[in-house]
Every structure is written in C-alpha cells, then in structure tokens.
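Following: one structure in structure tokens, then a few remarks.
Only the coordinates and a few stated rules stand behind these numbers; no lab work does. Everything numeric in this text was worked out from a predicted model, so none of it was measured. No Cβ is skipped: glycine too gets one built from the backbone with ideal geometry, and neighbour counts run over all protein chains shown.
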Amino acid sequence: MKNSTKRLLTVLFAVLCLAPLALAQAPAAAPAAAPAATAAVPPPPAPKPILDADLAGTPVPSADAHAKGDPDGSLTGNASDVTVSDPKKGLTIGDLANQVGQNKIAVNFVWTLITGYLVMFMQLGFALLETGLARAKNANHTMMMNMGVYGIGMFAYWLIGFAIQMGGVGAVANLGGTAPLSAEFTATLFGKPFGLFGQHGLFLMHKGTYDVGVMVLFLFQMVFMDTGATIPTGAAVERWKFSAFIVTSFLFAAFTYPLFANWAWGGGWLANLGTNFGLGKGYCDFAGSGVVHAVGGLSALAIAMILGPRIGKFSREGRPQVILAHDIVLVITGCLILAFGWFGFNPGSTLGASGSGNLRIGSIAVNTMLASATGMISAMLYMWLMYKKPDASMTGNGFLAGLVAITAPSGFVNPVGAVIIGFVAGVLVCLSVAFVERVLQVDDPVGAVSVHGTCGIWGVISLGLFADGKSNYGGAWNGVNGSVTGLFYGDASQLVAQLVGVATLVGFVFTLSFIFAFVVDLLVGQRTSAKSELEGLDLPEMGALAYPEFELKS
Amino acid sequence: MILLGILLTLLGFVISVLSLGVTSSVGGRLAMVLVGLAVSLFGIMGVLNKAYLKNAIWKKG
C-alpha cells in the first residue's frame, strides 16, 4: 500500500474514533428561556364527559354510498365497524373502550409477529454466510445444518424449552396479559428468591397456555432461540457429524438457551438483581447480545474446542493456515440479509408498537443501523491498515459485530452511544478472530465465537456504560422504577449487574454447553472421520453434492 | 485436566454469585465479579483448551 493511502486511512480511522467521543462529551444546549407571561389566560373549560347518547348521532356512511365503491378510502372504517355488545342499546362508551383496547393489542400482535417473521428470515442469512465461508465440498452439509437447526430447535423448544424460559414470566402487558405463564420455580439464596426456571407452557397446552397472547410470545421467542442455536454450526462447519449436530442442537434449544433466557427475560434471578440486590434495574439485555449471541457464541467455542481444528488448518508447528471461502458473494448476501432481519430482532423486542413507551421503536431501529455501519467501517479500516486490503469476510464480520453489540443496548442508548458501541465492536471482532486462531488455536471457520461471543459480551457490558436514562417503557424496568442508566450517566451499579450476567455466561452457560457437547462426543462422537473430512462432507454425510457439476478439489 | 477446567470455570461463576451476598458495596461486588470472571476465563483458556490442544490433530502429523 502506498504511504499516502496509508496516511489517509490512518487519519480517517483516527477521526472516526475521536469524533463520536467528542460528540458524546459535548455539553447539552441550554434550554431556551421560557417566554414571560404577558396576560392572564383564562383556564380551559373542564372536559365534558362523553355519554352513550352522544354516540347515537355518530354519522355512518349509508350502505348505498358504500355500494358504489370507495376509491379514496373516506368511507371504509367507521363507527359501524365497532363491535356492538348489545344491538338493542346500540354503540356505547364501553364498546368503544373495548375496541380501543383490542386495537392496541392487535397493533402489538401484528408488530411482534411481523418482526418475528423478519428474525426467522435471518436463518437464510446465516445459511448463506456459513456456506459461503465453507469450501464447496461441504456446501450441502452446511446448508442442511442451517435448515435442520430450525426444525430441531423449534421442536425441542415447543416440547420443553419455552416452558423453562417463559413459564413463569407473568403478565406481558403489551400482549394482553399472557396470564397462564405464572409459575416460576425459585430457590432462596442470601434471603432472596432466585428464579431458576419456568413451569407452565409445555407443548403450548399445559396449564391454560393455549392462549392467543402466549402463541405470539412463543413465535417471537422461538425464532430468537433458533438464531442462537444456529451460531455453533458456523464454528463447527466442515467437520461436525450430522447426527451429533442434531442431538447437540436439541439440547441447546431444550435446556442451555432457555435456562439463561429465563434468568434474563423470564423473571429469573438475573432480571431481579435490581429488586433483590439494588443493582441498577437488574441485568438488562434488550434484544439479546447476551441471551442470544453470547450464549450461541460460547456454545460455539465449547463445541469447536471439542471438535478440534479442520485438517490442514494448522501446520505441524501450530501456525494457522488460510483455508479459502468458496463464495464471497454468498457471504456478503448473507450479511445483508442478517442486517435486514435485525430490524425485527431489535425493534421487535419491545413486543409492541402501541403503549408503554413503545414508540421508541424508531430510535431502536436507528441505533441498529448506526452500529452496523460503524462496525463495518472500523473492521474494514482495521483490516486495510493492518493487512493492506479491506478484506471482505472480515468487513462482513465487522458489520455483524456492530449489530450483535448493539442488540442489548439498542433500547437504552442514544445514537452517539450506538455509533461508539458499533465502532468498538468492529475492531474488537478483528482482534478476537486473531486471538482465537493464533493464541487459542481454536478453528472457527466463520468467526462465530468472536462475532457472537466476544461482541455479544461487549454489547452486554456497553449497556452498563452507555445507557442514557432517557428510555421509558411504562416507568420501570425489571420491576425497578426509573430508566435504565449506565456508568457514564451516573449509575455504576448497572455495570455490576451487567458483569454478573457476563460471569454467568462465561462460567455457567459455557460449562453447561461444554458438558452437553462432551457427553454427546462420548456417546455419538462429535467429529466426522478424517476420510469424510478430506472428501468433503456432502457425499459421506448427506449423500449428495451441492454442486454436482463442479470439479471439486479435496 | 478436563474435569479441573470444568470445575475452575464453574468456580468463577460461583464467586460472582457469592458477591451478591458477601458484600453490599458496588465496588466490592465489582471486584469479586471480576475475580470470578478471571477464574472462569482461566478455566476455559488456560486449562480446558490446553487439555484439548495436547491431542490436536495437527500435532499427530
């Protein structure tokens, strides 16, 4: 690289690093002085209550008028569409109030379902990303793992996982109650109740959970779990025995993920660190940097350690060797699909668009975009400066690292915070990939441990630093009044709550994943034979090549 | 070695949870949680991973 280009990149890198920090330190503009009162203003008249009789005269378009069509939409949707409980009485205030309530819940249902569908679409992003980074001889196997985890994970989650995670969450007001999810198993420690797992909701039939609100919650939580479950397939690609993958993924969806998700989101002990121990608003994780990504990333690390590196990944002296991705087009397409799906992941985690501060969905979506942009920029610049080229796969990883990191804080930080969080994540993922490969000598072909594990943990910590205390989701979070506020805005205890969450992820979730993977290794064997690996897993494991008309190198 | 690694990783988690009951100061809890994290990370990277690297496929030639 020419010296002038290098200097230009260095300056750009420094400006991008310092500008957000400078902005974050900028003092807030002084509030404008209130205009002086010039004359006494008479108090407004008291509002007149609306009576049922007032509704009797509400104009309704005639059937004849509507029969001619409604090209400008002025006739469709009127008082005659409000459900009347008693036709003899006609439209009443009670009918209107019920309709308003149902409209609010309907808006929230539709919002949560559609964002859930977006998150489901992320499975395609993961499939393309991982397959593109693998070699062509493993493409069928990699795609099948990404599709298989969707069905296997969902089935396990329906059987037991959802009940463990959400069976004791209590009423979710945005979804109209979810009252049947009311039984959390607790133990007492230090004189305080420690919620450990939920007990209602097995098969979505148990204890009254055949309920419209519960169904919406299940769909949304299921696709989140499946996002976590698909992360280890990236780290284990090109050498994971398909049968072992099925059993390990089942255990992940049934136990590993739901346990931590219960502690963080289902009314468990981490969520109650604020009410029980005075630590901020308890462990906070708005959309799952910890619950989804760090759980997935740490499970990926456990599995990758047990599997060992691919043949040819390290020289006999232990030096890492480059194994080229077979299709960068798939990789970048996958990254962009994931970024699109993230607009379901983060804004959807309000579980509603109406009421309880949910209009913050705009801010959450913008934070998501900004962090992905700065994550991509910083990773690209880092690679350009360090390795002379803006490497495509690491730029893609930086893009995803920014998204992973902003997932937890997206609901609680301002745009400047989001920019900094994404920027740090982009550099962090590059450093982490090098550390995992060169120091740990763990083979992670797609960088799943670094993107989801390392940057997921950074996201959890960054919330404890950058939460600005301006969000308000119904006046409280995790049962503690007030807004979530991080260290830089005055609450150090929130950072401690976040670190307790990180310690639980590293100390407990990793261990549980490792034990499950270890037992499966003993019983089934996690790794394919060397012969299958050299041949490529498509034929030995799946019985068909992804690209039968290509000439493959082994 | 594998069992030792698992136990150390879990011990770090236990230390972090104990911080909630042992002290009520934010600084004290922060220190204990960081110690717990360090112990867990040592268990994973210093013990468990090393145990697996002993028999790594690239060392077998």
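Where Rh is the Kirkwood radius over the Cα pairs of region A:323-399, the temperature 10 °C and the viscosity 1.306 mPa s, what D in µm²/s does Stokes-Einstein return?
In µm²/s, the coefficient is 114.
How big is D for region A:410-496, in µm² s⁻¹ as a whole number, if Stokes-Einstein is applied with the Kirkwood radius of its Cα pairs at 4 °C and 1.567 mPa s?
This corresponds to a translational diffusion coefficient of 91 µm²/s.
Return the Cα extents of region A:56-119 along principal axes one, two and three, sorted largest first, each rounded to a whole Å.
Cα spread of region A:56-119 along its principal axes, largest to smallest: 45, 32, 14 Å.
Could you please state, rounded to a whole Å, how far the C-alpha centre of region A:414-488 is from the C-alpha centre of region A:46-88?
50
Output wanted: per-residue J couplings in Hz (rounded whole) for region A:309-326, from phi through Karplus 6.51 cos²θ - 1.76 cosθ + 1.60, θ = phi - 60°, x for Gly and Pro.
x, 5, 4, x, 6, 10, 6, 5, 8, x, 7, x, 10, 7, 10, 6, 5, 8
Rg (Å, one decimal) plus Dmax (Å, integer) for the alpha carbons of region A:343-474?
15.3, 50
Please report, ordered by residue number, every helix of chain A (full DSSP H runs) that is 27 Å or longer along its axis going by C-alpha atoms and whose mean Kyte-Doolittle hydropathy reaches 0.5.
Passing helices, by number: A:3-25, A:93-133, A:212-235, A:361-387, A:415-434.
Using a 10 Å cut-off on Cβ to Cβ distances, tally the other chain neighbours for every residue of B:49-60 and report the average as a whole number.
Mean shielding by partner chains, rounded to a whole number: 6.
What distance in nm separates the simple spin-label points at B:L3 and A:A544, each placed 7 Å from Cα in the Cβ direction?
Between B:L3 and A:A544, the label points sit 4.7 nm apart.
Please compute the modelled spin-label separation between A:Y387 and A:A530, points set 7 Å along Cα→Cβ, answer in nm with one decimal.
2.9
Considering only DSSP states other than H, G, I, E and B, which trypsin sites (Lys or Arg not before Pro) in region A:343-443 qualify as loop sites with at most 12 other Cβ atoms within 10 Å?
Of the trypsin sites (Lys or Arg not before Pro), the ones in loops of region A:343-443 whose Cβ has at most 12 other Cβ atoms within 10 Å are A:K388.
Which one, A:A304, A:Y547, A:V509, projects farthest toward the positive side of the charge dipole computed for chain A from Cβ point charges (K/R +1, D/E -1)?
With unit charges placed on the Cβ atoms, the residue in question is A:A304.
Across the Cα atoms of region A:111-165, what radius of gyration and what greatest pairwise Cα-Cα distance (Dmax) are found, in Å?
13.6, 41
For region A:502-549, divide the Cα radius of gyration by the Kirkwood radius and give the resulting Rg/Rh value with two decimals.
On the Cα set of region A:502-549, Rg over Rh gives 1.23.
Using only the Cα atoms of the protein assembly as shown, what semi-axes does the equivalent ellipsoid have when each is the square root of 5 times a gyration tensor eigenvalue? Give whole Å, largest first.
45, 29, 27
Counting only helical runs of four or more DSSP H residues, what would the 222 nm mean residue ellipticity of the protein assembly as shown come to if each run contributes -39,500 (n - 2.57) and the total is spread over all its residues?
That comes out to -17500 deg cm²/dmol.
Compare the Cα positions of A:V322, A:C284, A:L336 along the charge dipole of region A:264-384 (+1 at Cβ of Lys, Arg; -1 at Cβ of Asp, Glu; about the Cα centre) and return the one farthest towards the positive end.
Working it through, the farthest residue towards the positive pole turns out to be A:V322.
Could you work out, residue by residue across A:307-317, how many beta carbons of other chains sit within 10 Å of that residue's beta carbon, and then give the average as an integer?
Across the residues of A:307-317, the mean count of other-chain Cβ atoms within 10 Å is 3.
Binning every alpha carbon pair distance of region A:142-204 at 10 Å from zero, what are the percents per bin?
Bins of 10 Å from zero give 22, 35, 27, 13, 3 percent of pairs.
Placing one identical point scatterer on every Cα of region A:88-224 and ignoring solvent, what is log10 I(q)/I(0) from the Debye formula at q = 0.17 Å⁻¹?
With no solvent term, the Cα-only Debye profile gives -0.96.
Rg and Dmax of region A:210-339, using alpha carbons, in Å: what are they?
When restricted to Cα atoms, region A:210-339 yields Rg and Dmax of 18.3, 60 Å.
If you project the alpha carbons of region B:1-57 onto the principal axes, what extent comes out on each, in Å, largest first?
Extents along the principal axes: 48, 15, 9 Å.
Going by alpha carbons, how many degrees (0 to 90, nearest 10) lie between the helix axis of B:26-41 and the longest principal axis of chain B?
10
Would you list which lysines come within 28 Å of B:K54, measuring only between C-alpha atoms, while excluding same-chain residues fewer than 8 positions from it?
A:K241, A:K313, A:K531
Measuring from the lowest to the highest alpha carbon on each principal axis, how far does region A:197-253 reach, largest first, in angstroms?
43, 18, 17
Please give the charge dipole size of chain A, origin at the Cα centre, charges +1 on K and R Cβ atoms and -1 on D and E Cβ atoms. Round to the nearest 20 debye.
Around 1300 debye, computed over chain A.
When Rg is the radius of gyration of the Cα atoms in region A:462-554 and Rh is its Kirkwood radius, what does Rg/Rh come to?
Ratio of gyration radius to Kirkwood radius: 1.34.
Direction-averaged shadow area of the convex hull around the Cα atoms of region A:237-287, nm²?
4.7
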